[in-house]
Amino acid sequence: GEAGVGKSTLLRQLAPEVRLRAGALVRGRCLEADVRPPYGAWADIISALHQTGVVPPRAGGRAWRELPRIVPELGAAPDGGVEPSAANKYVLVDEIVEYLRAAAAAHPVVVVLDDMQWADAATWDTLEHLLPLVTQDRLLVCLTIRAEDLTGDVAERRGRLVRDERFHEIPLERLTPADVTQWVEGVFQGQTIGRAAVDFLYEHSEGNPLLVAQLLRTL
């Protein structure tokens, strides 16, 4: 859906259901910037899971070899470096997958990759590497993508995801006038709202939920 239509808000509604099942919902956000940290969204996710303490030490007490490059809490980065070499990128991606599967073995995990239209190539590559390997794991991966930016490489990457039989998409549209009326009446606890007020909100927001909310707060 477009910016402000409620993609991230909708996914946040999963949080109570996940907690009810003793699970964890973790979020990684891709940034709109000319210089983006590689694996940035996955670093957020691994760091959030690390804070929960659910991932046990690796078998044999082995240290993570490449993960500390993007999540310093997991140890010292090898050679003090931040960016892995081309050969070590495969090790890093494998360790990201191993960490997620270990977390999912402990309890259900919902991974939210927010604003994937701004994701770097490394973040997409990691996702594509992960999906074929998590056939039986208690792992749900959710992406949000702005419809207006679904072009070029983003459209190509999404096209690859669509081929997975587990893929499901929820397109979010703008609210209709009837939707806005129902929402506003809910905000005012069922009071009848004048038609002029609803028309004003719809005219100036064009049904975009974020703009409706901002207008209500301003008014």
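The values are calculated or read from the model by the stated rules, or taken from the named source; none is laboratory data. Values in this document were obtained by computation on a predicted structure and should not be read as measured data. Neighbour counts are summed over all protein chains in view; Cβ atoms, including those assigned to glycine, are modelled from backbone coordinates with ideal geometry. The protein model used for the area step is the full one, side chains on, heavy atoms only, and it has no ligands, DNA or RNA in it. Shrake-Rupley method; radii C 1.70, N 1.55, O 1.52, S 1.80 Å.
With all protein chains kept in place, the per residue accessible area of region 100-170 amounts to 50 square angstrom at a probe of 1.4 angstrom.
Less than 5 angstrom separates the built amide H of Leu143 from those of Leu113, all sequence-distant by 5 or more or on a different chain. With the convex hull of its Cα atoms as the shape, the chain has an orientation-averaged projected area of 15.1 nm². Helices that extend 27 Å or more along their long axis by alpha-carbon positions and average at least -0.5 on the Kyte-Doolittle scale are, among the DSSP H runs of the chain, 86-106.
For Leu10 and Glu148, the FRET efficiency from 1/(1 + (r/R0)^6), where r spans their Cβ atoms and R0 equals 22 Å, is about 0.80.
Restricting region 149-219 to chymotrypsin sites (Phe, Trp or Tyr not before Pro) that sit in a DSSP loop and have at most 15 other Cβ atoms within 10 Å of their own Cβ leaves Phe167, Phe188. The GluC sites (Glu not before Pro) of region 138-217 meeting both criteria, a DSSP state outside H, G, I, E and B (loop) and at most 15 other C-beta atoms within 10 angstrom of the site's C-beta, are Glu165, Glu169, Glu173, Glu206. Simple point charges give the picture: +1 on the Cβ of Lys and Arg, -1 on the Cβ of Asp and Glu, and for the chain a dipole about the Cα centre of about 780 debye. Ordering Ala213, Ala104, Ala197 by the projection of their Cα atoms onto the charge dipole of region 66-217, which places +1 on the Cβ of Lys and Arg and -1 on the Cβ of Asp and Glu, puts Ala197 at the extreme positive end.
Given a 1.4 Å probe and every protein chain left where it sits, what share in percent of the accessible area of the chain is carbon and sulfur? Don't jump to the answer; show the numbers that get you there.
Working: 6750 of 12530 Å².
The value for the chain is 54 percent carbon and sulfur by accessible area.
With 0.36 nm allotted per residue and the present C-alpha distance subtracted, the His168-Ala121 stretch has 14.7 nm of extension available. With Cα atoms as the point set, the radius of gyration and Dmax of region 90-219 evaluate to 20.2, 61 Å. The residue list Val184, Val54, Pro171 was ranked by how far each Cα lies along the charge dipole of the chain toward its positive end, using unit charges on Cβ atoms, and Val54 comes out on top.
Applying both filters, DSSP loop and at most 12 other Cβ atoms within 10 Å, to the trypsin sites (Lys or Arg not before Pro) of region 49-151 gives Arg62.
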